[in-house]
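Comments concern the structure below.
The values are calculated or read from the model by the stated rules, or taken from the named source; none is laboratory data. Because the structure is a prediction, the values reported are computed rather than measured. For neighbour counting, all protein chains shown are included, and Cβ atoms are generated from backbone atoms with ideal geometry for every residue, glycine included. Just so you know, the surface numbers come from the protein's heavy atoms only, side chains and all, with ligands and any DNA or RNA stripped out. Shrake-Rupley method; radii C 1.70, N 1.55, O 1.52, S 1.80 Å.
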Amino acid sequence: TSNMGKLGKKARKFAKKNLQSVYRRQRKTKAMFKKRSSSKDEKDNAETQTMNPVEVSIGRSTDGEHTWQTSLDAIFAEDDSDVAADASDSDGFLSEDSSTPLVAESDSDKYLEDSSGFSTVLTQNKEVQDELAVQKKKLDRTTFLLEIRDSQVHNLSGSIAIAMPYRIVSFLVEDPEFCKFLKSYSKSVEKSRNEMQYSDEDETSNDIGVDLLVEDAAAVNRGKVLTSSIIDSWCKLVTEEHSEPALINLLNAYRAACRYGSESTGLPDTGSCRGIPDSETFCNILMFVLREADNMFRSLLKIPSSNCKKETILELKSTSKWKFFKPLVKSYLRSTLYLLNQVTNSEILAFTLNQLRASIIFFAAFPSLLRRFVKITVHLWAGGGPLSSPSFLIIRDVASVFSSTSFDSCLIKTYKAYISRCEVLEIANIRHIEFLRNSFVELCSLDVEKSFSKAFLSIQQLLKMLQHGLRTKAEEAVKKTCSWQYVNCIDLWVMFISANARSYDLQTLLYMTIQLINGVAYLFPGPRYFPLKVKCIQWLNRLSSSSGIFIPVASLVLDLMEYKNGKEGGNSGNPFHATSYLKLPKHWLKSQKFQEECVISAMELLSVHFAQWSYHISFPELATIALIRLRKFYETTTIEGLRRVVKRLIDQVEQNVEFVQKKRDEVAFSPKDHQAVDSFLQLEKGSLNSPFTQYYKSVMEKAALRNLQKNEQRCNLPEPVFMISPLC
């Protein structure tokens, strides 16, 4: 049949109808092949599960040849869509009349539209809701007209005229004669109301406050301007009398202020609360609500100011008091989140974050708002500037208060933001990247057990990418390994392991990371990768110091001294700044500054390594090979400045070898006595008076001064052309 070519449409139809045995045979053959392949996969998976996690991470990839192409932040799957709130909750404009239902916003749908899986359904739902809203509006208008006409026949009462001012009625009613009647009736009612107001001057202050509140609410409903006097009266009623209607009016004004200048949301009451005349009124509303909202809600709900437990809110959810105040709390939180998304002034944002941090426990009742809050704060945290610190404090508090539900979300979002921020590293952003790294490590340290699983997956992916590069030497794979995202991801987990290695069992991560770093150093041996190799040695020194495990780095350090591309005695060239590079430009290798930087960096790194083990009983054996190679370099080099630096290190190491050897000859314990070996020279180590310790301090002081001078020169000098593409 293969030589006959593909069957036509009629032939396939005939075969399907009359040759069922052929189709059954084909299905059976396909099923057989599927069973064979699946059984083989199950066998491979069983073998993989029996292997050590470290062996899986460094062995041949079991996930296919294209696993290395996965993005570094794609391994942590997360549902970014916000859960739609309960339809019965009031999350928008608050009704100022108890007889009218609360009006709900549709902002949750707008946030849900960001999820690709729901976008189509939400679009259809929105169209249906818009159509229903139009029909409901027509029905309400018809009902309203019928009631008005009936009341006109039965001598329209003044209460209806007051409740429905002429501006609204004329908008709804299309009958000119009826509009004319209402206009004249409204004027007479207003005149009589003014007369009553002047005649009732002897009423109590409480009644005056209530009348003022009703009048101000009517002003807002008529769309009049919110003056400072109205806002001040509401604030006074809220603070002195804890007036709930005044609080509702104030929250509506706050909602309007948070949306000031933005596009209309399409709600019927949105336009009625936009009468903010000047910046003074705007600031008064924002400052009062942000400053007093948390205290007001805690006072009304009887929650102590020191209580930051989410269980308190969860227990209140079943009470009638919470059912009344829930729309108010939700309106405040939603409006504040909207403000964080709209305002660009850093001072307003910082004040808003600090005030909202005190109300974190109220987010326990609104999971969708909590996820949105975390998303906003992570964005501000990664953006840099003065908002990074207050944003991280909120992220840390959320992870602590809602540890069981929100820790993973905070960890994944911050990790993805960090990886995205590290895609391109600029000199001006180095300190900010370090801040993001340190704050992420602090977040991980809140729950090391949960962070362990995330770190294991990330390091395992890094190992697979490295393994593919070592095996294939493909240009794309090598470029992925020599990228700022890859390097900063290693740096992230090195800092995490170093911060928690003494308190937790992180041996698996430690050994995986050591093998990963050694593999990176082996993959890029050339002099152009000098900055990357220095980072690898610094990582190994940090892991060795934090864990107390000996990691041999002397051979890697001494390899740096053999980079001799520059001509001795030649032109010194421009100042050498390799901080923002992983791969150096070729013309830098020809300068004398490059060789000087290699030797000085090697002396500093070797001093750090020797200082960690300068009091160990095996120091003489540890320094033997390093001394041989240092003496050889000292004899071959002709640059006097480098010879002097190397000679000083040789002398200090030899003195320390003699010091340890002399103390070791005096001991009487056997090398098998591990406890005695560990206690060797502990008194001398605590005093820090040995010659090599003093030498190490002087080297570190000079290194700090040298880095400071480099930073000053970097700020003063223009960036070279090749700074545009500092990566591989």
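Select from the stretch 404-419 the residues that are more than 15 Å from GLN485 (Cβ to Cβ) and of a type in the set (Gly, Ala, Ser) and write down the one among them that is most open to solvent (accessible area, probe 1.4 Å). Of everything passing the filter in the stretch 404-419, SER404 is most open to solvent (accessible area, probe 1.4 Å). If you go through the stretch 625-635 one residue at a time, do you hit one that is in a helix (DSSP H, G or I), open to solvent by 30 Å² or more (accessible area, probe 1.4 Å) and touching a residue at least 60 places away in the same chain (Cβ under 8 Å)? The answer is yes, given that some residue of the stretch 625-635 is in a helix (DSSP H, G or I), open to solvent by 30 Å² or more (accessible area, probe 1.4 Å) and touching a residue at least 60 places away in the same chain (Cβ under 8 Å).
Number of residues in the stretch 693-719 that are open to solvent by less than 70 Å² (accessible area, probe 1.4 Å), farther than 15 Å from ILE430 by Cβ and at pLDDT below 85 equals 1. From the list ALA521, ALA499, ALA455, ALA477, the lone residue that is touching a His at 6+ places or on another chain (Cβ under 9 Å) and either buried (at least 22 other Cβ atoms within 10 Å of the Cβ) or assigned to a helix (DSSP H, G or I) (or both) is ALA477.
ALA578 falls short on exactly one of the conditions (1) touching a Leu at 6+ places or on another chain (Cβ under 8 Å); (2) modelled with pLDDT of 90 or more, and that condition is (2). Taken as a whole, the condition of being more than 26 Å from SER388 (Cβ to Cβ), surrounded by fewer than 15 Cβ atoms within 10 Å (Cβ to Cβ) and within 24 Å of the chain's Cα centre (by Cα) applies to GLU449. Anything in the stretch 221-261 that is under 39 Å from the mean Cα position of the chain (by Cα), open to solvent by 70 Å² or more (accessible area, probe 1.4 Å) and farther than 24 Å from PHE324 by Cα? List them, or say none. Of everything in the stretch 221-261, those that are under 39 Å from the mean Cα position of the chain (by Cα), open to solvent by 70 Å² or more (accessible area, probe 1.4 Å) and farther than 24 Å from PHE324 by Cα turn out to be ASP232, TYR260, GLY261. The listed residues are LEU339, LEU353, LEU328, and the only one of them that is without any contact (Cβ under 8 Å) to a residue 60 or more places away in the chain, within 24 Å of ASN249 (Cα to Cα) and either of a type in the set (Gly, Ala, Ser) or open to solvent by less than 30 Å² (accessible area, probe 1.4 Å) (or both) turns out to be LEU353.
Residues of the stretch 420-446 that are surrounded by fewer than 19 Cβ atoms within 10 Å (Cβ to Cβ), of a type in the set (S, T, N, Q), under 16 Å from the mean Cα position of the chain (by Cα) and assigned to a helix (DSSP H, G or I): SER420, ASN438.
Checked against (1) open to solvent by less than 10 Å² (accessible area, probe 1.4 Å); (2) in contact with a Lys or Arg (Cβ under 9 Å, 6 or more places away or on another chain); (3) over 30 Å from LYS685 (Cβ atoms), LYS583 passes all but condition (1).
The sole residue among SER601, SER591 that is hydroxyl-bearing (Ser, Thr, Tyr), modelled with pLDDT of 90 or more, under 21 Å from GLU640 (Cα atoms) and surrounded by 19 or more Cβ atoms within 10 Å (Cβ to Cβ) is SER601.
When each of SER614, SER607 is tested for being in a helix (DSSP H, G or I), within 30 Å of SER687 (Cβ to Cβ), open to solvent by less than 30 Å² (accessible area, probe 1.4 Å) and modelled with pLDDT of 85 or more, the lone residue that passes is SER607. Sub-6 Å Cβ pairs linking a first residue in the stretch 438-450 that is closer than 14 Å to TRP381 by Cβ to a second residue that is polar (S, T, N, Q), at least 6 apart or interchain, are PHE440/THR414, ordered by first then second residue. Of everything listed in (1) surrounded by fewer than 16 Cβ atoms within 10 Å (Cβ to Cβ); (2) within 18 Å of LEU560 (Cα to Cα); (3) modelled with pLDDT under 90, the single unmet condition for LYS647 is (3).
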